[in-house]
Amino acid sequence: MNQQDAVNWILSFQKKIESSKEYLTDLDQAVGDGDHGINMNRGLQHAAGVLHEKTFETPGDVLKAVSTAFISKVGGASGPLYGSAMLKASGSCGGKETLEDEDVKAMLRAAADAVQARGRAERGEKTMYDVWEAVVRAAEEKEDIDWQHVRMKTAEAADATKEMQAKKGRAAYLGARSIGHLDPGSVSTRMLIESLAEVLESGDS
Amino acid sequence: MTKILLVSHSEKLAEGLKELLQQMQPDVDIEAAAGDSGGIGTDPDTISTKLQAWKEEEIVVLFDLGSAWMNTDLAAEMSGMEEQVTIADAAFVEGALAAVMEAGFGSSAARVKAAAEAAGSQKKRPEA
Ligand SMILES: Nc1ncnc2c1ncn2[C@@H]1O[C@H](COP(=O)(O)OP(=O)(O)O)[C@@H](O)[C@H]1O
Ligand SMILES: [Mg+2]
């Protein structure tokens, strides 16, 4: 994964979010305040603008810029969560120009740990951490990341939030009534990982 | 004296609470960091600015909803002020009131936080 892959990752994510912002907002309407699609779309529009404008040397630089855009433009809970994830992911990349699979695994783990720390989230609480945790486990299963497997586990983890009762975030105020609805942040995180898989599975990372 | 920062999704809510608190205890410094770009939400940059104005002080933060503490944590990290910023997990109105009264007695941030966190379970209406 080089800086261009990192840019393509985020631009692909931006397109996915843009075309599903109403869907994400509908999901958030059911268990929260109905702003998740709007929040994410605003942040990614901004991030895409920055990525088009500037040039970057390393994947770490790209993710740093994305983190700043998320922190200042997304808002809600997803702003600090995605922002912290990207910030720690960027830190994990360091100054490397190219990331090998091993580095990509470390990057994903850093992002997952950041989400867990920022949200004080544990597995099974119906948050985006459920997806992050599954991503890291799936990526680490094989020496060379099996993206098909990662996609499958990511999708499963996002779908599994439907039957969970929310313990963190706004949805927790619904108690048992949160059961039966997908967690919006988990669905958007799945899109983030699908974009990464699309960019990296074609060639060698 | 320990400073009090009110972090809320709503500017009106934070400003109204600040007014109420300041009337009870005019000697304590109270600030609000509320709203996001004029709308509902919280913003780490807004919170950082308020924290940095109290760079040398002990600050106790009261917040309304969950994402407000995440943004406060983030703002404290961004400002390098983790040591000075104490977040109280308390009822916003009752907790803030207890915090401000405690701060007025010259108490440490830890005691102000404890007072705020104990306040939510108090009954407000006397038994008949
Ligand atoms: N404490 C937390 N830990 C991890 N993820 C969380 C937490 N609180 C909320 N989330 C995630 O954030 C998503 C909601 O994001 P968003 O709607 O943008 O923010 P808000 O809830 O403030 O309106 C949820 O679907 C959930 O995945
Ligand atoms: Mg929301």
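Data for the structure
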| read-out | value |
| --- | --- |
| Three-way shape call for segment A:1-154 based on the alpha-carbon gyration tensor, with the a/c threshold at 1.5 | oblate |
| Ranked packing of A:16-24, A:127-135, B:110-118, most packed first, by mean Cβ within 10 Å | A:127-135, B:110-118, A:16-24 |
| The protein assembly as shown, dipole about Cα centre (Lys/Arg Cβ +1, Asp/Glu Cβ -1), debye to the nearest 20 | 900 debye |
| Modelled FRET efficiency - R0 41 Å, A:His52 with B:Phe105, Cβ distances, 0.05 increments | 0.15 |
| ³J(HN,Hα), Karplus 6.51/-1.76/1.60, whole Hz, each residue of segment A:130-145, x for Gly, Pro | 4, 6, 4, 5, 5, 4, 5, 4, 5, 5, 7, 5, 10, 5, 8, 4 |
| Candidate lysines for bridging to B:Lys123, where Cα separation is under 25 Å - those fewer than 8 sequence places away on the same chain excluded | B:Lys18, B:Lys113 |
| Between helix B:11-24 and chain B: long-axis angle, C-alpha atoms, 0 to 90°, nearest 10 | 50 degrees |
| Within straight-line cross-link reach of A:Lys21, lysines at Cα separation under 27 Å, skipping those fewer than 8 residues along the same chain | A:Lys54, A:Lys64, A:Lys73, A:Lys88, A:Lys126, A:Lys153, A:Lys162, A:Lys167, A:Lys168 |
| 16 Å reach of a label modelled at A:Ile179, 7 Å along Cα-to-Cβ, counting backbone N of segment A:138-169 | A:160-168 |
| On Cα atoms only, tilt of A:36-53 relative to the major axis of chain A in degrees | 10 degrees |
| Pairwise label distance in nanometres, B:Glu77 with B:Leu20, each label 7 Å out on the Cα-Cβ vector | 3.2 nm |
| Spacing of the two label points (7 Å from each Cα toward its C-beta) at A:Gln4 and A:Ser202, in nm | 1.0 nm |
| For peptides B:54-63, A:72-81, sequence by mean Cβ density within 10 Å, most packed first | A:72-81, B:54-63 |
| Inter-chain Cβ neighbour average for residues B:70-77, partner chain, 10 Å | 5 |
| Integer Hz, Karplus 6.51/-1.76/1.60 couplings in order for segment A:87-102, x for Gly and Pro | 5, 6, 4, 4, x, 5, 5, x, x, 5, 7, 10, 9, 8, 3, 4 |
| Sequence-distant aspartates and glutamates (8 or more away, or on other chains) whose Cα lies within less than 16 Å of B:Lys55 | B:Asp29, B:Glu31, B:Asp45, B:Asp73, B:Glu77, B:Glu82, B:Glu83 |
| Residue-by-residue Karplus 3J(HN,Hα) for segment A:18-33, coefficients 6.51, -1.76, 1.60, Hz, glycine and proline x | 4, 7, 10, 5, 5, 4, 5, 5, 4, 4, 6, 4, 5, 10, x, 10 |
| All-pairs Cα distance distribution in chain B, expressed in whole percent, bin size 10 Å | 15, 48, 31, 5, 1, 0 |
| Helix-only mean residue ellipticity at 222 nm for the protein assembly as shown, each DSSP H run of n ≥ 4 adding -39500 (n - 2.57), per residue, nearest 500 | -19500 deg cm²/dmol |
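None of the figures in this text is laboratory data; all of them are computed from the coordinates on show. For clarity, every value in this text was computed on a predicted model and none was experimentally measured. Please note: Cβ atoms are built from the backbone with ideal geometry, for glycine as well, and neighbour counts cover all protein chains shown.
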